[in-house]
Structures are given as C-alpha cells and as structure tokens.
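Okay, so here's the structure we're looking at.
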Amino acid sequence: MEISSRINQANGRLKLGKIRLKIEKAGHRLCLRGTLPPKPGSTQTKNHQQRLYLGLPANPNGISEAEKLARKISALLDCKEFDWQDWLKPDQQDSNTVGYWIERLETDYFTTKARTLTTQKTFNHDYKERLLKLSQDAVLTSDLLKSHALKIPPDSHARLKFCMAATALAKVAGLDVDLKAYRGNYSAAKVKHRDVPDDDLIQRVFFQITNPQWRWVYAVIATYGLRPHEAFRLIEFLGVIAQVGGNTKTGYRKVWPCYPEWFDLFDCGNVNPPAVNLERENSVIGASVSRWFARAGIPFLPYDLRHAWAIRTLEFGLDITLAAQQMGHSVQIHSTTYHQWISDRTHQRAYETLMLRPDRPRPPHA
C-alpha cells in the first residue's frame, strides 16, 4: 500500500476520534498539522494552524508513531497542557525564524514536484531569492512580511513576486496574513514596447546567417516559436511537427509550424545545433543564444521570433487554447504577454481576410 494511502487511513481514524491534528508528509518525513498555540517568541496571540515536525520517517512505522503522537498532543490540548518546549528539538529552537521557514517551504514545495535542475531553478527564482532579502534570523511574523512588501516599489513586478512568495511562506508557517492588497497593479501588459519583426524580415535574415549551426537554431525558433533554450531540447520531428521536451520549462509538447514551407526552406529537419553545455540552467543556455544574435548583428531578439509566432497563430485563426498549449504556457499568459504586440498590420490583414469571405454578413438592403 502506498504511503499516501496509509496516511489517509490514519487521518480517517483520527477524524473519527475527533483528534485535533492530522498527519502530513513533508519530504521523506512526517509532521502533524492542526490549530496550536503560538510558538515561543511568536507575535501571534491566538491559536492558529501550524505544523509540528516530528522527524519521523514517512513509512508504516513512522505513521503508526505519528498517529499515537497526534492522539497524545490532542489530549494535551484538551487539557490546556500543551507546551511547545516539550516538542521542539534542539535544532528546532529557532523554528520561528525566517530562515527556518524558508527551509520548510522548500521541503513542502518538493513533496509534490520532482527535484530537477528546472524545478530547483524555479523554486530559487520564484521563492528563495525573494525571501532571502528578509533577515534570516528575524522572527517570521505577518508584520514583517507586510513591512517588507511596502519597501518594494508599488505596481512593480518585484512587489508582485515577493507577495506571492511571502504568501506561500506564511501558509507553510501557519501565519494568518493576506498580502493581496499589497500586490499592486503590475501586469505583463505594462512592459516596454517591443518591435516584432514581420515574416518577410524574419525570412530575409535567415538567409543572411552564414554559420550553419546557429542558422538552424534561428530556423527552429522562428518556425516553431520556441523559447531560445528549447532549440537545444528539441527531441525529434514527426513529419513537420516538432516534439520538444526533456529539461524544459513546461515538459514535453508538440508544436505545429504555421508555415510548413519554412520547414523545408530553412532545412529544419537537418538537426544541426552548435555544441553547448546542456548541464547548465536553461536561462544560461538562452542567454548564450541572445549573445550570439547580438554578435551576428540580427536586428531583433530571439524572443521576438517567439512573439512573431504567437501573433502569426492569431492571423491564421488558430484557437487561442491550442496556440497557448503549443507555446507551453497558459491562455492568460498568451493573451497578456503576446497579443499586446499585435500591430495595425495584423489587424488590417485579419480585416481583409474577413472581408474576402463569401459568406460574410451583408448590410441590410436599402
């Protein structure tokens, strides 16, 4: 029987017995979660949801022991005799500090995700790097998180991302804090203007590239709207369909070219990428592509080719859900990040296409 099933069974018995705590799995260890008194040194004054880390292994014997401890602690709570000092191990005496709870957040994060180069990078960028700006020895409190959020420029990407990371940290620490009001009004639609190249320029630049290996990288990014690093994670071609996968941001996916003619014209099937160290993070690989574009004098950025592909799908009438899936992101990101760069030229082409439809609606007869 799987450990998760055993934990569920144990929690079922605890619930029937009206026990105040439940067992949770944190990495390879077990903890108890329930409404507990504030920890020593906490600014909290009322009981609130917290985790008590037991150090027990996540195996059948550990679950059995955790169930016994849950009953014992619940009885202590009923008698108002629970004391945190009896349950904090020597290495947990500082368990109310920011540094301690960042470690716990990381443990919780990887209980549901495999720890890979990509997921570790995501955790570090989205959570750890932002939370390390807090004093690691400070007591983690709601006021600490709020005051730091207010120090970050309002309506900024940094403010938004910190509030998201701090909310996750507060949740794992059992703090009752709502940071939504502090996030501001940042959105990807407010970033600086981007000049997306048209398809004629994209095609002309391809033939100006003399290095055959980098020309192939340019070709697959342009034809399939890949992230720059994904050119090096391309698994195979199924006809003209590109299958991307491995250590990428969004895992395995298939991408169809809007211009299947480019598959042959750009010789995409002749897979010929330059040698790069694929053990590096994807962002580092992507940065090397950007540097090469600059050295080669290409008049736009690698991501401009990806933006052009997104706009092209709209002109072709590809359903936005399908386009977003092929690009490896959500429909919301697809709309806010890419469609804002739609030019008058794109609107004009769409208008002319609609007007040429023989079945388009006609005005009322005079």
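Structure summary
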item	result
Number of positions in segment 167-183 that are among the small types (G, A, S) and either outside the structural domain of E103 (by TED's automatic domain parsing) or crowded, with 18+ Cβ neighbours inside 10 Å (or both)	3
Matching residues, segment 322-366, being closer than 18 Å to Y224 by Cβ and either outside any helix (DSSP H, G or I) or modelled with pLDDT of 70 or more (or both)	L322, A323, A324, Q325, Q326, M327, G328, H329
Condition met for F263 (closer than 30 Å to N124 by Cβ, buried (at least 18 other Cβ atoms within 10 Å of the Cβ) and among the aromatic types (F, W, Y))	no
Elements of type helices (runs of 4 or more DSSP H) contained in segment 104-204, each with 2 or more residues being closer than 22 Å to K25 by Cβ and either among the acidic types (D, E) or under 19 Å from the mean Cα position of the chain (by Cα) (or both)	117-123, 157-173
Residue check for V271: part of a loop (DSSP other than H, G, I, E, B), touching a residue at least 12 places away in the same chain (Cβ under 8 Å) and over 21 Å from the mean Cα position of the chain (by Cα)	yes
Matching residues in segment 132-166 - criterion: being of a type in the set (S, T, Y) and surrounded by 19 or more Cβ atoms within 10 Å (Cβ to Cβ)	T141
Condition check for T223: of a type in the set (S, T, Y), out of contact with any strand residue (DSSP E or B) (no Cβ under 9 Å at 6 or more places or on another chain) and over 25 Å from L117 (Cα atoms)	no
Residue match in segment 233-246 (condition: part of a helix (DSSP H, G or I) and touching a helix residue (DSSP H, G or I) at 6+ places or on another chain (Cβ under 9 Å))	no
Single unsatisfied condition, G55 versus (1) part of a strand (DSSP E or B); (2) on the phi < 0 side of the Ramachandran plot	(2)
Segment 207-227 - residue that is touching a Pro at 6+ places or on another chain (Cβ under 8 Å) and β-branched (V, I, T) and, of those, farthest from I241 (Cα to Cα)	V217
Residue check for S283: within 21 Å of H329 (Cα to Cα) and assigned by TED's automatic domain parsing to the domain that holds S330	yes
Residue count for segment 172-209, restricted to those that are within 30 Å of P37 (Cα to Cα) and either touching a strand residue (DSSP E or B) at 6+ places or on another chain (Cβ under 9 Å) or at pLDDT below 85 (or both)	11
Candidates K18, K39, K25 - the one that is within 16 Å of K171 (Cα to Cα) and part of a loop (DSSP other than H, G, I, E, B)	K39
A294 being modelled with pLDDT of 85 or more, more than 27 Å from the chain's Cα centre (by Cα) and not in a loop (DSSP other than H, G, I, E, B)	yes
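The values are calculated or read from the model by the stated rules, or taken from the named source; none is laboratory data. All values derive from a computational prediction rather than experimental measurement. Neighbour counts run over all protein chains shown; Cβ positions are idealised from the backbone, glycine included.
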